[in-house]
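**Q** Handing you a structure now.
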């Protein structure tokens, strides 16, 4: 199978953890760029560091679903980590190549209490902090975290919000989003997708994608948006399979 026809040098890819021993209650992923494309293996360079001291996000033998846009469609295959060297990861395709129709995740402009914490640190640092917060979050955590009400465009895959141009924005951030009173806030690690200047505004629009989040929190976000759409008598968008949010292939 000619993988390198659809996955080429310089292409941006999104890798979702599908290892057999992973925590299946989590959605875990990271972004990378293909630096070498051969049909039997790909060398990829992550956008941010995946190692922090003795902590490693990726080790040989792990399996990932590799997704990308190619020729206007979504493409995906399962690959195994052959080796890691410095900043690079070598992935060997392990299963069939699949094409899928890319679908938009239902999103909504909302006013919610939320907060993001940015820091130029590797992904394992954020994962360790994320795990620490998972043991601490309760329905009363919003006050302790000093979440502030603000505009946010939210979906199960990520969010968009506004920041001052002077605010530093790192590749990764920790996000806390309070959906409803009486429930713990959503806690997730998100990567920077894009930033845009706004006309006649001293703020920037920032788009971020979740790369570490509980699947139950993804479901909470989706259910909350559907509830709000019904409440506002808006047409509810039926969620379709978005293969960039699923840690499996068609045939699984």
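Values in this text are rule-based calculations from the coordinates and carry no lab data. It should be emphasised that the depicted structure is a prediction, and the values quoted were computed from it without experimental measurement. As a convention, Cβ positions derive from the backbone with ideal geometry for all residues, glycine included, and neighbour counts pool all protein chains shown.
**Q** What do you get for the angle between helix 215-231 and the principal long axis of the chain? Use alpha-carbon atoms, 0 to 90 degrees, nearest ten.
**A** Roughly 50 degrees between the two axes.
**Q** Taking the number of other C-beta atoms within 10 Å as the exposure measure, put 109, 247 in order starting with the fewest.
**A** 109, 247
**Q** When a footprinting reagent is the concern and you count Cβ atoms within 10 Å, what order do 42, 27 take, fewest first?
**A** 27, 42
**Q** Fewest Cβ neighbours within 10 Å first, please rank 97, 123, 50 accordingly.
**A** Fewest-to-most Cβ neighbours within 10 Å comes out as 97, 50, 123.
**Q** If you take all C-alpha pairs in the stretch 73-160, what percent of them are over 17 Å apart?
**A** Beyond 17 Å sits 73 percent of the P(r) for the stretch 73-160.
**Q** From the helices alone, meaning DSSP H stretches of at least four residues, give me the mean residue ellipticity at 222 nm for the chain, per-run term -39500 (n - 2.57), in deg cm²/dmol to the nearest 500.
**A** -4000 deg cm²/dmol
**Q** How large are Rg and Dmax for the stretch 3-100 when only the alpha carbon atoms are used, in Å?
**A** 12.7, 40
**Q** Using only Cα atoms, find the angle between the long axis of helix 123-134 and the longest principal axis of the chain, and express it within 0 to 90 degrees, rounded to the nearest 10.
**A** Relative to the chain, helix 123-134 is tipped by roughly 40 degrees.
**Q** Alpha carbon centre of the stretch 4-38 versus the stretch 198-232: separation in Å?
**A** 23
**Q** Which values, in whole Å and largest first, are the semi-axes of the equivalent ellipsoid of the stretch 114-178 obtained as the square root of 5 times each eigenvalue of the Cα gyration tensor?
**A** That gives 19, 17, 12 Å for the three semi-axes.
**Q** How many percent of all Cα-Cα pairs in the chain sit more than 29 Å apart?
**A** 32
**Q** Please compute one quarter of the surface area of the Cα convex hull for the stretch 107-231 and express it in square nanometres.
**A** One quarter of the hull surface, i.e. the mean projection, equals 7.8 nm².
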